[in-house]
Amino acid sequence: MSERQRILEQFELQKEFLQETVQPNIEKYRKGDGVVTVCDETGKPLANAKVRVRQTSHAFRFGANLFMLDEMETEEKNALYKKYFAETFNMATLPFYWNGNEPEEGKTRYAVGSPRLYRRPPTDLCIDFCQAHNIEPREHGLAYEQWTPEWLWGKDIPTVKAALEKRFAEIAERYADKIPTIEVTNEMHWIQGKTPFYDDPEYVSWCFKLAEKYFPNNKLVVNETSRHCWDKCGRPTDSYYSYIENAMLKGARIDAIGMQYHGFFKRENEYEKTRKRYDPQQVYKRMNLYAQLGKPLQITEVTFPAYSWEEEDEQIQAALLENMYTIWFSHPAMEQIVYWNLVDGYAHLWRVDEQTLRKSLGNMTLGENYYHGGLFRHDFTPKPAYYKLKELLEKTWHTDLTLTTDENGQIHFRGFYGDYALEPETGKTATFRLSTKENNQVTVTV
């Protein structure tokens, strides 16, 4: 047995927990009972009518980052990227890195046709794509210190605060009504910041209060690196838990808690470093901890490493995805899972200049490419992990039933929360939603 295969042993050893906790929770928290009264155009209930009830979208959000939209080196690849993204996901993370939005002071890159930057497509281009394909956009990195533009480095705290307020106001004016989820702060554990404000004890609470001012109707999210979410003790003394609690006590309106999950470990260290990460009970312990803060949880960035394009490595990547997605999906506080890079060879390469980046596409030895963490190989052939994700979303966690109405024209069913099409044998298709927030008794006309 290889060291990589030993990782999967943990799931086998926890089969009892998975069967007794995880699977029942999916049934309990991800599905609901619906009653649909089917009527004709005159309003008369249709008795003994055969209808198909087909889920068309999940209420739960499954996404990926949209950083390579129209950024590929060929139009063929750009078309494939858009095709696979639209066919698979109902959420997209959009890059709002400040040095990408405003590389020169006062010169923003939101509009379609803005100067190109690697992994930083113009925001309006991303919004247009999302709207065209019924995908919910998610903002990433509103106040993310590590990507502060150079023109602001080292400036005093009042200057930085004024620049942040201008940025928040501009983004709110353009996108507050288009992007429901706003990720306010991200990765607060870097040792070195770019400005003195990063060391201010009010940084997080101040940013959230400012966000509440400009995004009063949006969901405001905090986000943090993988090791601070999953590798600590799973107690209220953990640093991420503590700084969230501290900010909330100071009046910050934090609406959801983001948790990254990148498997960024060298192959030779993977088993040693990830035993806790892949232990179902340990994962649940940490989700339970953060759920105590009374906010929904979001898995904001996911990378499962394959390390190569060899068959065994890719099969292990797929097995890790299946097991972890199932565990996360089962937790009642979880509401989103966002995979990170869709395609191998286009990952973050760490502070490399633009010219070098363009020459390095597909070099799997550089930066985060090393992990082979995409769902597609560099040539866009799908990996087993992609097929496994599609199986989960379109078969395992998908409702598609053929039913017959009773004498009152009603059908009763249990299905996964989301949007549905009701398709009669004759007549027009109707739509409805199975929701966690409503009684799910609806009348449709066909």
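Points to keep in mind about this one:
- As a summary of the residue check, residue 270 satisfies the conditions (1) at pLDDT 95 or above; (2) closer than 21 Å to residue 328 by Cβ except for the one numbered (1).
- Single residue of 376, 413 found to be open to solvent by less than 20 Å² (accessible area, probe 1.4 Å), among the hydrophobic types (A, V, I, L, M, F, W, C) and closer than 30 Å to residue 48 by Cβ: 413
- When the range 156-186 is limited to residues that are in contact with a strand residue (DSSP E or B) (Cβ under 9 Å, 6 or more places away or on another chain), in contact (Cβ under 8 Å) with a residue 60 or more places away in the chain and not in a strand (DSSP E or B), the one that is nearest to residue 93 (Cα to Cα) turns out to be 179.
- Positions within the range 123-155 being part of a loop (DSSP other than H, G, I, E, B), farther than 19 Å from residue 79 by Cβ and touching a strand residue (DSSP E or B) at 6+ places or on another chain (Cβ under 6 Å), in sequence order: 141, 142, 144
Matching residues to (1) among the charged types (D, E, K, R); (2) closer than 19 Å to residue 357 by Cβ; (3) open to solvent by less than 10 Å² (accessible area, probe 1.4 Å); (4) touching a helix residue (DSSP H, G or I) at 6+ places or on another chain (Cβ under 7 Å):
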| site | (1), (2), (3), (4) |
| --- | --- |
| 90 | no, no, no, no |
| 93 | no, no, yes, no |
| 115 | no, yes, no, no |
| 133 | no, no, no, yes |
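- Search result, residues across the range 238-266 that are exposed (fewer than 15 other Cβ atoms within 10 Å of the Cβ) and hydroxyl-bearing (Ser, Thr, Tyr): 239, 242
- Residues (in contact with a Leu (Cβ under 8 Å, 6 or more places away or on another chain) and surrounded by fewer than 20 Cβ atoms within 10 Å (Cβ to Cβ)) located in the range 381-398: 382
- Residue in the range 347-373 that is least open to solvent (accessible area, probe 1.4 Å), counting only those that are within 18 Å of the chain's Cα centre (by Cα) and either more than 29 Å from residue 287 (Cβ to Cβ) or in contact (Cβ under 8 Å) with a residue 60 or more places away in the chain (or both): 373
- The one condition in (1) open to solvent by 50 Å² or more (accessible area, probe 1.4 Å); (2) free of Cβ contacts under 8 Å to residues at least 12 places away in the same chain that residue 104 fails to fulfil: (2)
- Residues that are open to solvent by less than 20 Å² (accessible area, probe 1.4 Å), hydrophobic (A, V, I, L, M, F, W, C) and assigned to a helix (DSSP H, G or I), drawn from the range 189-237: 197, 204, 207, 208, 210, 211, 229, 230
- Complete set of residues in the range 1-39 that are assigned to a loop (DSSP other than H, G, I, E, B) and either open to solvent by 40 Å² or more (accessible area, probe 1.4 Å) or of a type in the set (Lys, Arg) (or both): 1, 30
- Annotation: residue 280 fulfils all but one of (1) under 19 Å from residue 9 (Cβ atoms); (2) open to solvent by 20 Å² or more (accessible area, probe 1.4 Å); (3) touching a residue at least 60 places away in the same chain (Cβ under 8 Å); (4) not charged (D, E, K, R); the unmet one is (2).
- Cross-chain or 6+ apart pairs with Cβ under 9 Å, the range 389-412 first and closer than 17 Å to residue 441 by Cβ and part of a helix (DSSP H, G or I), then open to solvent by 50 Å² or more (accessible area, probe 1.4 Å) and charged (D, E, K, R): none
The values are calculated or read from the model by the stated rules, or taken from the named source; none is laboratory data. What you are looking at is a predicted structure, and each value in this text was computed from that prediction instead of being measured. All Cβ positions, even for glycine, are placed from backbone atoms using ideal geometry, and neighbour counts span all protein chains on display. The accessibility values were calculated without ligands, DNA or RNA, using every heavy atom of the protein model including side chains. Shrake-Rupley method; radii C 1.70, N 1.55, O 1.52, S 1.80 Å.
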